[in-house]
1. Using the Cα atoms of the stretch 374-431 to build a convex hull, what is its mean projected area in square nanometres?
2. Under a 1.4 Å probe, what is the accessible area of the stretch 197-258 per residue, stated in Å²?
3. Would you mind calculating the gained length between Val396 and Ala95 on full extension (0.36 nm times residue separation, minus the Cα-Cα distance), in nm to one decimal?
4. Per residue, how large is the accessible surface of the stretch 303-374? Use a 1.4 angstrom probe and give square angstrom.
5. Taking the mean number of other Cβ atoms within 10 Å as a proxy for protection, how do you rank 215-223, 150-158 from highest to lowest?
6. Return the sequence-ordered ³J(HN,Hα) values of the stretch 252-261 in whole Hz as given by the Karplus equation 6.51 cos²θ - 1.76 cosθ + 1.60 applied to θ = phi - 60°, using x for Gly and Pro.
7. Just the number please: accessible area per residue for the stretch 89-149, 1.4 Å probe, all protein chains included, in Å².
8. Among 314-325, 66-77, 363-374, how do they line up from the highest to the lowest mean number of other beta-carbon atoms within 10 Å?
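The values are calculated or read from the model by the stated rules, or taken from the named source; none is laboratory data. Model, not experiment: these values are computed from the prediction. Note that we place each Cβ from the backbone using ideal geometry, even for glycine, and neighbour counts take in every protein chain shown. Only protein heavy atoms, including side chains, enter the accessible area calculation; ligands, DNA and RNA are left aside. Shrake-Rupley method; radii C 1.70, N 1.55, O 1.52, S 1.80 Å.
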Amino acid sequence: MPGLDFLRRKPSNSAAEAVPPAGGHARAGLIGNITALGFLQISAYVLPLAIAAYTTRVLGVADWGHVALTQMVLSFFCLVVSWGFSWSATRKIAAIGDDPHEVSRVAIATIAGQVILAGLMGALLLVLIETVPFFADAAPFYAWGLVVIAGTALFPNWLLQGLERMKAFSAIQIGGRILTLVLIILLVHAPDDAPLIIAIQGTVSLVAGFVSVWLLHRDGILIWSRPSARDIFEEIKEGSAIFLSTTAIGIYVNLTPVILGFLAGPVAVGQFALADRIRQAAQSVLQPVSTALFPRISRLVASDPRSAAPLLKISGIGLVVISTGITGALWVLAPQFVVLIGGQQFAAAAEVLRWLAFLPVVMSFSTFLGLQILLPNKRTKAFNTILVSGGILSLVIIAPLIKTFGPEGAAMTLLIVEGFVSVSMVIYVLKTGYFRGHWHTGLAAASA
């Protein structure tokens, strides 16, 4: 397939080539990755907004809330399948450099680990459908969740980020999301068609995963060899430390709408879910920067820590400035955004969105400090402790806030917890003296 040759790793002539080249080529590659990830991330939320604009009008608030609740519950199964690989495997592959056989060994072991976890989660879901009324009553939805779980296991986003090769695979993901939108418009026309939304999303995700793995193998990035049990266990073990963090995030991000559904019903979930998807779509412009920088900074930290400082300064200032603008736009234009996407029946979600509007600027601090300083510097224990504490805080405050304020209480929960996480990371990094060490030293070296 023309246009995919750049995915191949070029053979390394010296150990020095394992470090990204300085100057224009490195910057161009980073900007290219950020651009590709930007289109990918925007499609991840803008296209679902287009889907929401259609399905909310076809299904109504309550039935659309059922779909949103199903997606949130399935996200917990996918969370286990993803394990901590999105950070642990990305960091490891970025640090390996240009050793194609070692990259392939780690990648195949990681994929095998995800397939094993997917099998376990699929079996658990089947048991729940057969034995638990909550799942049995919505069996048409959750049965298709098996396909969603399989698709999560196959798409190797962590490998592509670690290799900093995102352009062609961004196209695959974006194409899949466009196909999802087209199929939903063609097949979903009434509330009875609601389970088809889960079916279409799962099937397209599975196909995208197969295509991605095939392309990686065809272009020499995945060199097939049978993974040993030891290699699989090693990758799962390394990801387990990060899994604690992703689980904590899942508690206060994904569990919030699930508890809202139990306490306030599907209409409240529908209002919250629409507001949160609008917030995520606006905030998606920030994610590509952190995602592209994580492997680059991980590699620099392993080879020349001081050289990461100038990049960190630009990134940190840029994230805060842009996120402040996003927060202002969401707060001011909340009523218009809600009616535009969901219609007048979702007008009450505007107040929910105004609470969620503060999240982009609050989360910019935790994103910068967590993914660009703590994890690349292997401060995993501190990172885990802060996120787990945030998860515990959410469990304490979520029910009282939802019972008192409904869907707005769910938004307040996210804001309070994300605020706690960001403040905790700021305090920790300041106490470590990071900005008095690598930061100033790196800036001085860069300007010399």
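1. Averaged projected area of the stretch 374-431's Cα convex hull equals 4.0 nm².
2. For the stretch 197-258, the per-residue accessible area is 46 Å².
3. Using 0.36 nm per residue and subtracting the Cα-Cα distance, I get 104.5 nm.
4. I get 41 Å² per residue for the stretch 303-374.
5. Values: 215-223: 16.9, 150-158: 23.3.
Descending packing order for the listed peptides: 150-158, 215-223.
6. Using θ = phi - 60°, the values come out as 8, 9, 8, 6, 4, x, 5, 5, 4, x Hz.
7. Details: 2520 Å² over 61 residues.
Dividing the accessible area of the stretch 89-149 by its residue count gives 41 Å².
8. 363-374, 66-77, 314-325
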